[in-house]
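Read through the structure below, which is laid out as structure tokens, and then see the notes.
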Amino acid sequence: MNYYNRGGGFFNSLPRVTRILLIINIAAFAVTWLLSSMGYANMNTLLGLHNFLPGSYSSPAGSNFEPLTFTPVQIITHMFLHGGLGHIFFNMFGLVMFGKVLETVLGEKKFFILYFVSGLGAALLQLGINYYFDAAMASQIMEFYKSPDPDVFFNLLRELDYNEGYLLSPSKLNGLVEYWQEHPNDLSSAEVARIAIDKLYLYRISIPMVGASGALMGILAAFALYFPNVELMLLFIPVPIKAKYFIPIFVLASLFLGVSNIALTNVAHFAHLGGAVFGFVLAYIWKRNQFKIL
């Protein structure tokens, strides 16, 4: 174990790939904060992972909102961006705690592959799930554009979570609904409603996903496979739990929260699931074949 006893401080005591990933994540966070504080474009907005725009969707005439949509480079860049100090702290804490052990066991090359394959799996699953629900919502909206109705408009507003204040004032939208219900044949209300829904929908699907959580979940899943009986302690559960139980529970919880949509924060639960599944499968293949004689 002399591998961890090199001089040079904390960073140099870490295995090389873990150290490099840690530095890149911290540097990206610092640059993002600096540019934002200076009034420049937010890197999270530009380089975070955006959704595909459903091909069946068409903005109504008069709407000029341009959504930020998927580009291939975001598959990589989103893994090194974070939404706040708490977000990056917990992800980097997990990377250091579990990554340094796994990299020693797997080696630099396999650990590097594990990190990126897990992050890629997280992105693909989240993109796929988002596209499925965004396409379903787009179909409802297109029907509304063809036959505007104040009650349908109100229901769409609720599904788009307009109370969070996406671009438009909730009080003004409520006022529009009330006025339109009182004057159902007012064509101007229908046109304003079309543009409002367009802005809300396109803004909603333009919200990017950022963070190394998907890659970290792959690392955690691999750790549980290689070290199933190591006991882990959660900050909010002061009881040690073996890795072979903790990781499946965490993954199932992410699946439940993603399906039921009861999460209290903007967490990409399906990305967690995708990262864990891809990481586990890859680590399982390596572990199963490690003693085979060629």
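The values are calculated or read from the model by the stated rules, or taken from the named source; none is laboratory data. Keep in mind that what you see is a predicted model, and the values were worked out from it rather than measured. All Cβ positions, even for glycine, are placed from backbone atoms using ideal geometry, and neighbour counts span all protein chains on display.
Among the residues of the range 150-168, those that are under 22 Å from the mean Cα position of the chain (by Cα) and either at pLDDT 85 or above or among the acidic types (D, E) (or both) comprise E159, D161, E164. Looking at H87, H78, just one residue is touching a residue at least 12 places away in the same chain (Cβ under 8 Å), buried (at least 19 other Cβ atoms within 10 Å of the Cβ) and under 13 Å from V210 (Cα atoms), and that residue is H78. Checking the structure you have, find out if any residue of the range 85-104 is part of a loop (DSSP other than H, G, I, E, B) and assigned by TED's automatic domain parsing to the domain that holds G128. Looking through the range 85-104, none of the residues is part of a loop (DSSP other than H, G, I, E, B) and assigned by TED's automatic domain parsing to the domain that holds G128. Under 6 Å between Cβ atoms, at least 6 apart or on separate chains: pull out the pairs that start in the range 191-206 with a residue that is part of a helix (DSSP H, G or I) and end on any residue that is among the acidic types (D, E). Close Cβ pairs (under 6 Å, with a partner that is among the acidic types (D, E)) amount to I205/D134.
Just one of the numbered conditions (1) out of contact with any Pro (no Cβ under 6 Å at 6 or more places or on another chain); (2) buried (at least 17 other Cβ atoms within 10 Å of the Cβ); (3) at pLDDT 90 or above is not true of N130: (3). Being touching a Leu at 6+ places or on another chain (Cβ under 9 Å) and not in a helix (DSSP H, G or I) is a condition met by no residue of the range 123-144.
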